[in-house]
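Below: the structure, in structure tokens.
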């Protein structure tokens, strides 16, 4: 009984900003540090996560060269505000042991992600291998250094989840509810549209892949899984799960 109560407490508390956002901040700082150090690395000039570039574009257009710094400060300020508000409301400080459990959970979920999504893709496409898609993706980035691959992996987890799950899916669901659709229909429609856009996003830009049915299906299913994970476990664990999955694929 005590173990079940502890598990329920962990499940509920780690979705809150005082855990989820604190857990995500090191991912944000590590990505930005790697992006700065890899700026002049061989083969990495101008390479950034596409979602990162898209999210910062408005700040850059308004503020010029200071746009990225203002974006960085804005993200930190908003995160700190939400964390402080959550701590003040609950009057509970985060327990450090939970962050270790969250990292372990994210690592396990990242390992399971490829297996689950790959199996579903094969079921739908009659045996086309999702692993061949993963191998092709890794080969397309083979000339990059490990540091650059790590930067892109962490950026995918952080910025793609922020863009596609928090902003796109969350924004669509809110807009559909405003149009008087129910909570469940709004969430389902937003999740499906978000997953399709998330998948299509990987085929545009300088490092976009050739469009293939297997990879498009794989990423669409992954988008659905990430959306479900975001709703169930919050932003922090979803971002780390996505980042660690990309680390497994691109580096390990």
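Read-outs: derived from the displayed coordinates by stated rules, not from any lab. Being a predicted model, the structure only gives us computed values, none of them experimental. Ideal geometry is used to build each Cβ from the backbone, glycine not excepted, and the neighbour counts take in all protein chains shown.
Structural remarks
- Most fluctuating residue given options 227, 153, 199, as computed from a GNM of the chain linking Cα atoms under 10 Å: 199
- Summed over qualifying helices (DSSP H, 4 residues or more, each -39500 (n - 2.57)) and divided by its residue number, the chain shows a 222 nm mean residue ellipticity of -25500 deg cm²/dmol.
- C-alpha center-to-center spacing [segment 82-99, segment 53-69] in angstrom: 31 Å
- Segment 141-252, relative contact order [Cα under 8 Å, separation at least 6], %: 44 percent
- Alpha-carbon centroids, segment 223-246 and segment 173-190: separation in whole Å: 21 Å
- Mean separation of Cα contacts under 8 Å, 6 or more apart, over the residue count of segment 2-250: relative contact order %: 33 percent
- Listed from fewest to most Cβ neighbours within 10 Å, the set 57, 106, 215 follows the order 57, 215, 106.
- For the chain, built as a Gaussian network whose Cα springs stay under 10 Å, the top-fluctuating residue of 168, 176, 158: 176
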